[in-house]
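S.K.: Below you'll find the structure I mean.
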Amino acid sequence: MDSNDDCFLVPGPVRMSDECLQALASPVMTARGAEFRDVMAHLNSGLRHAFNLAPSEPVRGVQSWAGDDDYKVVVVSGSGTAAMEMVIANRFRSNDLVLVPTNGKFGERVAEMCKRFCNVKHLQYEWGRAFDLYELEQQLERGCYESLLICHNETSTGITQDAAAIAEMCARHKTSFILDGITSVGGTAVHPEEWNAEAVVIGAQKCTAGPSGIAAVAINSHFIERVHAIREQGDSNPNYYFDMVSALKKGDDDQTPWTPAINLAMGWGAALEVLKNETNEGRWNRCQTMAKGVRNLFTDLGFEFLADSEQRSDTVTAILYPEGINDEWRTRLKDDFNTQVIGAQDHLKGKMFRVGSMGETPISEMIEGCKRMIECFATFGHELPQLDVDSYFV
């Protein structure tokens, strides 16, 4: 990588490829003609690959949203939060009780959304601390929860939840399992079918390196059955734009109920094609290589991390500032070293920085970015050991 190039190492929105940008610049088309249905079929097929589901043909008129499994994908013209709200608002009734364990800002957002549409038992753990699985087991043993919802990969704290263990508990206790996978799908291993997840949400601008403002959800047949049953009983939450029943009616025809995000759909489809060429496993491995390299490098440099060591994320690393350093370092890193990372949120502002390792970021860019971070710390008088940065990313 050229030392004059910018290093953009934020955990989303990530840099988009030329293929994605060119697709975004395509001439607009009608939302209801065959041309856009072709776009939707291509996007649906790419999404099924990103969700790690059975493949589908990227051809209109053959149910591109479905495959040889129990899942369908639904595109949402809105951010990942919009897709998560769509899931919650349609799946639950106002008197349903759900369990939401959290250890960061985005999990807390899931809990807050649930409070708008149903009853919530919010297990609020310290930011960056792993869930107490024994406590979750005890709660599920009560047999009173309609569902358990988690933010799978918590970018505010750099921790990934043990989804496999939680899924196994949910299956034993006959409780539905729903994942906010906005910053995990496409960047780390997600197995909707193996985990029997009723719904998994993805945001385009994170691990799949698509444009901001478009998202999708993978839903299984039980989710769909419950949505229809609640609607038929006249017991559903108020919604209109996020009406899942309307979306399901249009999905078979490779369409959306309202005017879709046409150019965003084209851009995302192109980004998903890049992912398909790299393969899910290839991207998971590359993101893991970068995250491990960052963790090992900064450990040897003497830094500490926010997240518990056993569950640190492969798509974002939360690194605590050493004593005497704050976000002035991050500003100087951007202005003087042409490198961007992101700061902390809420009560952790000014106390740590976060390095993204998602999307199409090449390992060479991560290596160069880490070298610049070390140089930037030196300008603040923070002495660090001399290390061979490249060797941490092989």
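S.K.: Any idea how far apart Q138 and N95 come out in nm if each label point goes 7 Å out from Cα toward Cβ?
M.R.: With each label placed 7 Å out from Cα toward Cβ, I get 2.9 nm.
S.K.: Also, I was wondering about something else. How large is the helix-only mean residue ellipticity at 222 nm for the chain, computed as the sum of -39500 (n - 2.57) over DSSP H runs with n ≥ 4, divided by its residue count, in deg cm²/dmol to the nearest 500?
M.R.: Values: 12 runs with 153 residues, N = 394.
Only helices count here, giving -12000 deg cm²/dmol.
S.K.: A follow-up question, please. Say R0 is 41 Å: what FRET efficiency, to the nearest 0.05, do S26 and D346 get from their beta-carbon distance?
M.R.: Details: r = 39 Å, r/R0 = 0.96.
The value I calculate is 0.55.
S.K.: Looking at region 107-193, which GluC sites (Glu not before Pro) are in a loop (DSSP not H, G, I, E or B) and have at most 12 other Cβ atoms within 10 Å?
M.R.: Details: sites: E108, E112, E126, E135, E137, E141, E146, E154, E168, E193; in loops: E126, E146, E193.
Counting only loop positions with at most 12 other Cβ atoms within 10 Å, the GluC sites (Glu not before Pro) in region 107-193 are E126.
S.K.: Now a separate question. Taking loop as defined by DSSP and a crowding limit of 16 other beta carbons within 10 Å, which trypsin sites (Lys or Arg not before Pro) in region 339-394 fit? Working shown, then result.
M.R.: Details: sites: K349, K351, R354, K371, R372; in loops: K349, K351.
Qualifying residues, ordered by number: K349, K351.
S.K.: Using the number of other C-beta atoms within 10 angstrom as an exposure proxy, rank F305, F8 with the fewest first.
M.R.: F8, F305
S.K.: Please work out the Cα center distance from region 48-73 to region 164-218, rounded to the nearest Å.
M.R.: Between the Cα centre of region 48-73 and that of region 164-218, the gap is 16 Å.
S.K.: Over the chain, with a Gaussian network built from C-alpha contacts below 10 Å, which listed residue (A307, A318, A171) shows the highest mean-square fluctuation?
M.R.: A171
S.K.: Pulled fully out, how much extra length does the chain show between K174 and K115, if you take 0.36 nm times their separation in residues and subtract their Cα-Cα distance?
M.R.: 19.0 nm
S.K.: Any idea what the relative contact order of region 49-95 is, in percent, if you count C-alpha pairs under 8 Å spaced at least 6 apart?
M.R.: The normalised contact order for region 49-95 reaches 21 percent.
S.K.: So, in nm, how far is label E193 from label E383 when the simple model puts each one 7 Å beyond its Cα toward the Cβ?
M.R.: 5.8
S.K.: A follow-up question, please. Could you line up C207, C376, C144, C370 from fewest to most neighbouring Cβ atoms inside 10 Å?
M.R.: Values: C207 33, C376 21, C144 12, C370 25.
Lowest count first: C144, C376, C370, C207.
S.K.: Quote the relative contact order of the chain in percent (integer), defining contacts as alpha-carbon pairs under 8 Å separated by 6+ residues.
M.R.: Details: 824 pairs, mean separation 96.2, N = 394.
Relative CO of the chain lands at 24 percent.
S.K.: For the chain, modelled as a Gaussian network with Cα springs under 10 Å, which listed residue fluctuates most, R142, R283, R91?
M.R.: Result: R142 has the largest fluctuation of those listed.
S.K.: Quick one: length gained pulling Q124 to D390 fully straight, 0.36 nm per residue minus the C-alpha distance? Don't jump to the answer; show the numbers that get you there.
M.R.: Working: separation 266, 0.36 × 266 = 95.76 nm, distance 3.89 nm.
Net length gain for the segment: 91.9 nm.
S.K.: Right, next: Between P238, P192, P27, which gets the highest mean-square fluctuation from a Gaussian network model of the chain, Cα cutoff 10 Å?
M.R.: Fluctuation is largest for P27.
S.K.: Going by how many other beta carbons lie within 10 Å of each one, how would you line up W127, W284, fewest first? Could the numbers behind the result be given before it?
M.R.: Values: W127 24, W284 21.
Starting with the residue having the fewest Cβ neighbours, the order is W284, W127.
S.K.: Run the numbers on region 254-394 and let me know its relative contact order in percent, using alpha-carbon pairs under 8 Å that are six or more apart. Don't skip to the end; give the middle numbers.
M.R.: Details: 136 pairs, mean separation 34.1, N = 141.
Taking the mean separation of contacting Cα pairs over the length of region 254-394, I get 24 percent.
FYI, it's all coordinate maths here, none of it is from the lab. Given the structure is predicted, the values throughout are model-derived calculations rather than measurements. Every residue, glycine as well, gets a Cβ built from its backbone with ideal geometry; the counts of neighbours run over all protein chains shown.
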